[in-house]
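Reading through the structure tokens given below for one structure.
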Amino acid sequence: MNLNQHNLLAVIGATATGKTSLAVALAKQFHGEVLSADSRQVYRGLDLGSGKDLHEYGDIPYHLIDIISPQEEYNVFRFQQDFYAAFEDVSQRHKTPVLCGGSLLYVDAIINGYEMPQVPRDDIWRITAEQMSDKALQEKLIATQPNLHNCTDLNDRERLIRAIEIARYQDSHSSEAATKHPDINAILLCIDWPRAARAERIKVRLIERLEEGMIDEVKQLHDHGVSWDKLSFFGLEYRFIAEYLQNNLNYNDMVQKLASAIRTFAKRQDNSLRKFEKQGTELHRLDPEQHVFTQAMDIINKLENR
């Protein structure tokens, strides 16, 4: 089965909603391949903590997973370039690209075609930034990007500084030639779990991943040279487990605080999705109490024949 009116299917949304399973099912239906839009799954070795769930893919090819070392830097600019290359490759082989991920800044960069020149490090700005409080940096970023989708930048100091650095560069280089973007016409799907049910899913999934060896994963990353600070940069699971491994938290406190932090992060993802919709992005929500694949197919068929 092939698409005619659209050239990308996208399964997006908050953590622990079942995105991978639906994306794989759609890839099977449409002779497709999955293109990950996850800011952590690009790193080799970040498996359980980033929720790669590679066993779910079966024989479906996937892209933008395990493409760089955790010692390397990665950002939305690199992701956009890598995604476009993978998108063109899959499309030229007459396969259907299926985007799957919850890093909503990355998704937005693709769906809305961000114009992003490659931004060099601004050491003069960084000297100033180091003297500023987190709150002052947050206020500055919101002032420079009032339509900010990605709340993650507001809660991680290094990302906050980098996001302002990018905004400053773009303001002073607005006349640069635009990057060539492929013409993308996407159908966006989101599995819309009620918060209470999703909170339970988050708890169950966290326990499963801890039992599968997520603590050992973090320890091995550190043993192979990834600093505690860099592990903290990789997100909640790595941050809280790193604190546990440094004896700053006991096991029970680590689990409880981590589960709570993931729930809060999922709420922020919900807020970002609502911003998507308010700004005109058409997002099709699926009821998890019904068969999500059937709902997705009904929506796709309707839009393809509109």
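How about region 216-252: which of its residues are of a type in the set (A, V, I, L, M) and either farther than 14 Å from Pro70 by Cβ or in a helix (DSSP H, G or I) (or both)?
Hits for region 216-252 are Val218, Leu221, Leu231, Leu236, Ile241, Ala242, Leu245, Leu249.
Is there a residue in region 98-110 that is in contact with a helix residue (DSSP H, G or I) (Cβ under 9 Å, 6 or more places away or on another chain) and over 26 Å from Arg274 (Cα atoms)?
Checked region 98-110: no residue is in contact with a helix residue (DSSP H, G or I) (Cβ under 9 Å, 6 or more places away or on another chain) and over 26 Å from Arg274 (Cα atoms).
Of the residues that make up region 53-60, is at least one touching a helix residue (DSSP H, G or I) at 6+ places or on another chain (Cβ under 9 Å), closer than 23 Å to Ala261 by Cα, part of a loop (DSSP other than H, G, I, E, B) and of a type in the set (Gly, Ala, Ser)?
Checked region 53-60: no residue is touching a helix residue (DSSP H, G or I) at 6+ places or on another chain (Cβ under 9 Å), closer than 23 Å to Ala261 by Cα, part of a loop (DSSP other than H, G, I, E, B) and of a type in the set (Gly, Ala, Ser).
Quick one: which of Lys302, Lys219 is farther than 16 Å from Thr15 by Cα, surrounded by fewer than 12 Cβ atoms within 10 Å (Cβ to Cβ) and basic (Lys, Arg)?
Testing whether each residue is farther than 16 Å from Thr15 by Cα, surrounded by fewer than 12 Cβ atoms within 10 Å (Cβ to Cβ) and basic (Lys, Arg) leaves just Lys302.
Which members of region 283-306 meet the condition of being part of a helix (DSSP H, G or I) and either touching a helix residue (DSSP H, G or I) at 6+ places or on another chain (Cβ under 6 Å) or not charged (D, E, K, R) (or both)?
Val292, Phe293, Thr294, Gln295, Ala296, Met297, Ile299, Ile300, Asn301, Leu303
Please tell me if Ala85 is under 30 Å from Ser172 (Cβ atoms), under 12 Å from the mean Cα position of the chain (by Cα) and at pLDDT 95 or above.
When the stated conditions are applied, Ala85 does not pass them.
Taking interchain pairs and intrachain pairs at least six residues apart, which have beta carbon atoms under 9 angstrom, with the first residue in region 275-304 and under 17 Å from Trp193 (Cα atoms) and the second among the polar types (S, T, N, Q) and not in a helix (DSSP H, G or I)?
Pro288/Thr17
When you scan region 235-246, do you find a residue that is over 30 Å from Val98 (Cα atoms) and surrounded by fewer than 18 Cβ atoms within 10 Å (Cβ to Cβ), even just one?
Scanning region 235-246, I find at least one residue that is over 30 Å from Val98 (Cα atoms) and surrounded by fewer than 18 Cβ atoms within 10 Å (Cβ to Cβ), so the answer is yes.
When only residues in region 29-44 that are in a loop (DSSP other than H, G, I, E, B) and either of a type in the set (D, E, K, R) or surrounded by fewer than 16 Cβ atoms within 10 Å (Cβ to Cβ) (or both) count, which is nearest to the chain's Cα centre (by Cα)?
Asp38
Under 7 Å between Cβ atoms, which residue pairs at least 6 apart in sequence (or on different chains) link something in region 79-91 that is assigned to a helix (DSSP H, G or I) with a partner that is modelled with pLDDT under 95 and of a type in the set (Ser, Thr, Tyr)?
Correct list of pairs: Phe79/Tyr106; Gln80/Tyr114.
Checking the condition loosely packed, with under 15 Cβ neighbours inside 10 Å and small (Gly, Ala, Ser), which residue from Ser133, Ser103 passes?
Ser133
Within region 270-283, work out how many residues are out of contact with any Cys (no Cβ under 7 Å at 6 or more places or on another chain) and closer than 15 Å to Leu189 by Cβ.
4
Considering each residue of region 10-28, count those that are assigned to a loop (DSSP other than H, G, I, E, B), of a type in the set (Gly, Ala, Ser) and either buried (at least 24 other Cβ atoms within 10 Å of the Cβ) or within 13 Å of the chain's Cα centre (by Cα) (or both), and give that number.
Final tally of qualifying residues: 3.
Can you name every residue in region 160-186 that is modelled with pLDDT of 80 or more and part of a loop (DSSP other than H, G, I, E, B)?
His181, Pro182, Asp183, Ile184, Asn185
So which of Glu277, Glu282 ends up being surrounded by 13 or more Cβ atoms within 10 Å (Cβ to Cβ) and on the phi < 0 side of the Ramachandran plot?
Result: Glu277 is the single residue among Glu277, Glu282 that is surrounded by 13 or more Cβ atoms within 10 Å (Cβ to Cβ) and on the phi < 0 side of the Ramachandran plot.
The values are calculated or read from the model by the stated rules, or taken from the named source; none is laboratory data. Please read all numbers here as calculations on a predicted model, not as lab measurements. All Cβ positions, even for glycine, are placed from backbone atoms using ideal geometry, and neighbour counts span all protein chains on display.
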